[in-house]
Amino acid sequence: MERKIRVPLSAEDARSLRAGDYVYLTGTVYTARDAAHKRMAEALSRGEELPVDPDGNVIYYMGPSPAREGRAIGSAGPTTASRMDRYAPQLLDLGLRGMIGKGKRSQAVKDAIVRNGAVYFAAVGGAGALLSHCIRSSEVVAYEDLGTEAIRRLEIEDFPVIVVADCEGNDLYLSAPAKYNEEK
Amino acid sequence: MRTVSTDLIRDAVAELCIEANHFLSEDMREALQAAEESEVSPLGKRVLGQLQENLRIAGEEMIPICQDTGMAVVFAEIGQDVHLEGELLETAVNEGVRKGYTEGFLRKSVVGDPLERTNTGDNTPCVLHTRIVPGDHVRLTVAPKGFGSENMSRIFMLKPADGEEGVKEAVLQAVRDAGPNACPPMVVGVGIGGTFEKCALLAKQALLRPADSHAEDPRYRAMEEELLRRINQSGIGPGGLGGRVTAMTVHILTYPTHIAGLPVAVNICCHVHRHASKEQ
Ligand code: SF4
């Protein structure tokens with residue numbers, strides 16, 4: 001099914017998405033990858049507030065290449081999500097409603113998605129030039145010293161993603177390959 | 001004896017970093033096109049179409065094909081009759097990488113210490129492999145390597161008794177484990193033989209063979225074909241979203257090894273299989 005959805009995600013929208021849905025996202029998302037997640041986890045363990053409240057938000061696992069003059073951003077495709085698996089359940093329990101990345105998630109993350117009515121989307125890996133066309137603006141909002149790994153606020157428009165893991169526990173990375181598997 | 005200035009080498013490396021990150025070689029573009037034509041999964045076909053559209057945008061608007069512009073792997077083949085004049089070769093090559101990544105708006109993805117992890121800010125150092133070859137020219141190849149696929153690469157120290165079946169199983173295992181993480185459709189480089197580090201280097205060099213090339217030895221050519229067929233039976237498909245094109249090509253390079261061992265390295269590369277070369 002093809003759908004257009006606003007981000008941040010409403011609880012109803014998140015719960016209505018099913019693995020395999022092709023979705024165009026419009027609105028605001030935040031980027032964070034390895035180093036930013038590590039810092040956020042450290043902040044939480046010290047009892048500090050996060051630079052961005054995860055509640056209802058979507059994190060895009062992405063570190064862009066530098067923007068040429070006059071452009072909002074450089075190449076901007078997803079990075080491998082499993083490296084954030086160690087941090088994701090805690091953020092999901094704090095209300096994080098969606099993640100955009102590529103690649104498999106751990107069972108603990110999928111359980112946290114079910115528990116919180118969240119969703120994991122895949123964007124096409126290695127299509128950073130194409131995806132950059134769907135990003136209208138980009139602004140660093142925290143951890144600027146991390147360079148490409150800083151947290152950025154992105155305004156996106158009709159950003160194409162596919163639902164991989166949904167709140168019913170479905171996982172497209174398991175079900176879709178099984179359909180085409182021809183190994184005896 | 002021919003003299004080659006390391007300034008030329010620096011500038012060539014800079015150009016190659018920018019070229020490789022914006023344009024794929026003709027053989028890779030053809031392989032992607034062929035993949036789209038043969039894919040049966042509608043979603044897989046759609047992804048392959050997007051990848052080609054992505055290549056078009058990258059080249060026309062000078063936006064890197066992928067935001068992970070890689071750690072630069074540089075191969076320098078230096079003719080035995082070349083005299084290098086100027087800086088130390090390694091310094092010149094790293095200056096080239098710095099220049100290419102800075103002036104070319106490429107992402108800086110290298111951290112200085114693997115545990116302390118502070119970004120070096122200019123994507124240096126690169127990984128430099130040098131080889132002395134006949135002649136009086138210097139041939140440079142820059143192959144930026146993204147880590148989505150590099151992280152899924154494996155080394156297996158098999159036993160001689162594992163034989164050909166063991167090698168095939170190892171390759172298939174690595175590809176299955178990689179799945180969607182390595183941004184399929186992949187290019188699979190396999191090194192068989194040598195020592196621990198030699199087979200890894202062979203696997204990396206195997207990636208650099210043209211996409212439509214085959215192993216010279218008929219036994220390994222047959223193995224490449226069988227592995228490609230079996231990988232594509234896995235159903236992983238483009239983007240790992242299901243389909244018949246999980247790999248576009250499998251390349252094997254071999255080297256003599258020890259009576260007690262059968263090292264196998266599997267270097268997985270994503271569809272953004274970048275390399276550019278220049279002779280000086
Ligand atoms: S694996 Fe390749 S295509 Fe995927 S994000 Fe990394 S460099 Fe880009």
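Expressed to the nearest 5 percent, the antiparallel share of DSSP beta bridges inside the protein assembly as shown is 55 percent. Of interest is the spacing of the C-alpha centroids, which for the range B:236-280 and the range B:125-171 amounts to 8 Å. Distance between the 7 Å Cα→Cβ label points at A:GLN107 and B:ALA34: 4.1 nm. By the helix-only formula, in which each DSSP H run with n ≥ 4 contributes -39500 (n - 2.57) and the sum is divided by residues, chain A has a 222 nm mean residue ellipticity of -7000 deg cm²/dmol.
Charged side chains reduced to their Cβ positions (Lys and Arg at +1, Asp and Glu at -1) give chain A a dipole of some 360 debye around its Cα centre. Cross-link reach is defined here as a Cα-Cα straight distance under 24 Å, omitting same-chain residues fewer than 8 places apart; for B:LYS278 the lysines meeting it are B:LYS99, B:LYS108, B:LYS145, B:LYS204. Site pair B:LYS159 and B:ALA260 shows an inter-label distance of 1.4 nm when each label is modelled 7 Å from Cα along Cα→Cβ.
Computed about the Cα centre, the dipole magnitude for the range A:1-62 is approximately 200 debye when only Lys and Arg (+1) and Asp and Glu (-1) carry charge, each at its Cβ.
Where the alpha-carbon atoms of the protein assembly as shown are placed on the principal axes, they occupy 71, 53, 42 Å, in descending order. Within chain B, which DSSP H helices have Cα atoms that stretch 27 Å or more along the helix axis and a mean Kyte-Doolittle hydropathy of at least -1.0? Qualifying helices: B:42-61. Label positions at B:ARG221 and B:GLU279, each projected 7 Å from the Cα along the C-beta direction, are separated by 2.5 nm. In the elastic network of chain A, a GNM with C-alpha springs shorter than 10 Å, the most mobile of A:ARG71, A:ARG18, A:ARG152 is A:ARG71. Applying both filters, DSSP loop and at most 16 other Cβ atoms within 10 Å, to the GluC sites (Glu not before Pro) of the range A:6-76 gives A:GLU48, A:GLU49, A:GLU69.
With the cut-off at under 19 Å, measuring from each backbone N in the range B:260-280 to a point 7 Å along the Cα-to-Cβ line of B:ASP81 picks out B:279-280.
Between B:HIS22, B:HIS83, B:HIS214, the Gaussian network model of chain B with springs among Cα atoms under 10 angstrom shows the greatest mean-square fluctuation at B:HIS83. Beta bridges per DSSP, both residues in chain B: antiparallel share near 55 percent.
With a Förster radius of 35 Å applied to the C-beta separation of B:ILE132 and B:GLU26, the computed FRET efficiency comes to 0.75. For chain A, the number of Lys pairs separated by eight or more positions or lying on different chains, with C-alpha atoms closer than 25 Å, is 11.
Tell me, which longest segment in chain B has none of the GluC sites (Glu not before Pro) that fall in DSSP loops with at most 14 further Cβ atoms within 10 Å? It runs B:1-115. I want to verify a result. In a Gaussian network model of chain B, Cα cutoff 10 Å, which of these has the top mean-square fluctuation: B:LEU228, B:LEU208, B:LEU84? Maximum fluctuation in the GNM of chain B, among the listed residues, is at B:LEU84. Computed over chain B, the per-residue total of -39500 (n - 2.57) for DSSP H runs of n ≥ 4 gives a 222 nm mean residue ellipticity of -13000 deg cm²/dmol, rounded to 500. Relative contact order of the range B:50-201: 27 percent, from C-alpha pairs under 8 Å at least 6 residues apart in sequence. Helices meeting the span-like rule in chain A (full DSSP H runs, Cα extent of at least 27 Å along the helix axis, mean Kyte-Doolittle score of 0.0 or higher) are absent. Here the range A:2-183 carries DSSP beta bridges of which approximately 55% are antiparallel, counting only pairs with both residues inside.
Over chain A, what is the relative contact order in whole percent, taking alpha-carbon pairs under 8 Å and six or more residues apart?
29
Look at the stretch A:129-137: the mean tally of other chain Cβ atoms within 10 Å of its residues' Cβ atoms is 5.
Normalised by the number of residues in chain B, the mean separation of alpha-carbon contacts (under 8 Å, six or more apart) gives a relative contact order of 27 percent.
Read the figures in this text as sums done on the coordinates, not as results from a lab. What you see is a predicted model; the values in this text were computed from it and never measured. Ideal geometry is used to build each Cβ from the backbone, glycine not excepted, and the neighbour counts take in all protein chains shown.
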